[in-house]
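First up is the structure itself, then whatever we jot down about it.
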Amino acid sequence: MRRPFLAGNWKMNLDRRSALDLVNQVRAAADRRADVDVAVFPSYVYLDEVARALAGSRVRLGAQDMCHEDSGAFTGAVSAARLTPVGCESDSLGHPARRHGFGARAQLVGAKVRKALEAGIDPILCVGETIEEREDGRTEEVVKRQLVAGLASVSAAEMSKVTIAYEPVWAIGTGLTATSEQAGAVHDYLRGVLAGLFDEAVANATRIQYGGSVKPSNVSELMAVDSIDGALVGGASLDGDSFTAIIEFQN
Ligand code: PGA
């Protein structure tokens, strides 16, 4: 009942030409694979052009983070009000790179989720533990705190717009993938937390992506896990052939 959702997080990679070339391959792959949802998350500066290159395709366009305010003296920030006119439909919020690299606190991430929903942007709320937190046995405590704070002002009805991404920090860009058992256990746990915050119906309907060194060679095994509903892909989404292979995973 949950449609697989495969998203390419381009991070601070790809120049204009390679971004536009990649988009053509992604849209062709998405056209061949009508039973999955596909999205790409380019740099802000290419959103407008990528949106035009995606016109009429099934690929959704997302941004990598946004400001929690609409406008004002927030140097270097981009608001939802600037993103929607260029065709941005989604936004990844609370990505570990933002939480750990730029100090985004859990409550701030929650404020951004609220802004995104008000602007008609579907948020992907990322949660995940560091290796130290995992080794201390604190994975569940950490992802629960991030999930609860991120969804603090979201209603059950609005949850149909929200995707969760489990992104263990130790697996991002490291080549270390969580095993399907490790990821599945956290996804099950998150779904239980969603049931407590909302109800079973919301928990069962909410898509939870896995992110962290997903590649063509491991995507099918991860996607075979019942509670894994998609992937947020970094490195392997930058190459057209490899992201195509991920979109066309065997199920
Ligand atoms: P990775 O990144 O696939 O390069 O590990 C995942 C992510 O950060 O979303």
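The values are calculated or read from the model by the stated rules, or taken from the named source; none is laboratory data. Because the structure is a prediction, the values reported are computed rather than measured. A quick note on method: Cβ atoms are made from the backbone with ideal geometry, for glycine too, and the neighbour counts reach across all protein chains shown. Just so you know, the surface numbers come from the protein's heavy atoms only, side chains and all, with ligands and any DNA or RNA stripped out. Shrake-Rupley method; radii C 1.70, N 1.55, O 1.52, S 1.80 Å.
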For the stretch 59-71, in residue order, the Karplus 3J(HN,Hα) values (coefficients 6.51, -1.76, 1.60; θ = phi - 60°; whole Hz; Gly and Pro = x) are 7, 8, 10, x, 9, 9, 5, 6, 7, 7, 10, 7, 6
Here FRET efficiency (C-beta to C-beta, Glu69 to Gln250, R₀ 51 Å, nearest 0.05) is 0.70
By the mean-Cβ-within-10 Å protection proxy, highest first, 236-246, 27-37 rank as 236-246, 27-37
Probe 1.4 Å, heavy atoms of protein chains only: per residue, the accessible area of the stretch 4-138 in Å² is 45
Within the stretch 188-209, the residues whose backbone N lies under 11 Å from a label point placed 7 Å from the Cα of Val148 along the Cα-to-Cβ direction are 197
Order by accessible surface, 1.4 Å probe, largest leading, for residues Glu132, Glu89 comes to Glu132, Glu89
Here the FRET efficiency for Asp31 versus Ala195, based on Cβ atoms and R0 = 30 Å and rounded to 0.05, is 0.25
With all protein chains in place and a 1.4 Å probe, Glu181 shows an accessible area in Å² (nearest 10) of 130
So Asp226 and Arg3, fully extended at 0.36 nm per residue minus their Cα-Cα distance, gain in nm 79.1 nm
Calc'd 3J(HN,Hα), the stretch 217-228, phi into Karplus 6.51 cos²θ - 1.76 cosθ + 1.60 (θ = phi - 60°), Hz, glycine/Pro = x, comes to 6, 10, 5, 5, 5, 5, 5, 6, 6, 3, 8, 9
Between Ser57 and Asn204, the FRET efficiency computed from the C-beta separation at R0 = 30 Å comes out, to the nearest 0.05, as 0.55
Kirkwood Rh over alpha-carbon pairs of the chain plugged into Stokes-Einstein at 4 °C, 1.567 mPa s gives a D in µm²/s of 72
Once normalised by the length of the stretch 5-247, the mean sequence separation of its alpha carbon contacts under 8 Å that are 6 or more apart gives a contact order in percent of 21
For Lys115, the lysines lying under 28 Å Cα to Cα, once residues fewer than eight places off in the same chain are dropped, come out as Lys11, Lys144, Lys161
Any DSSP H helix in the chain with Cα axial reach of 15 Å or more and mean Kyte-Doolittle score of at least -1.0? Listed by number, the hits are 16-32, 106-119, 139-150, 180-197
Taking 0.36 nm per residue of separation between Asp48 and Arg138 and subtracting their Cα-Cα distance, the length gained on full extension comes to 28.3 nm
Counting Lys and Arg as +1 and Asp and Glu as -1 over every other residue whose Cβ sits under 13 Å from the Cβ of Leu47, the net charge comes to -1
Taking placed amide H atoms and a strict 5 Å upper bound, the residues 5 or more places from Phe5 or on another chain that come that close are Asp37, Gly230, Ala231
Only helices counted: for the chain, with every DSSP H run of 4 or more residues adding -39500 (n - 2.57) and the sum spread over all residues, [θ] at 222 nm is -12000 deg cm²/dmol
Expressed in square angstrom to the nearest 10, the accessible area of Met159 with a 1.4 Å probe stands at 10
Across Glu135, Glu49, Glu69, the residue with the highest GNM fluctuation in the chain (Cα network, 10 Å cutoff) is Glu135
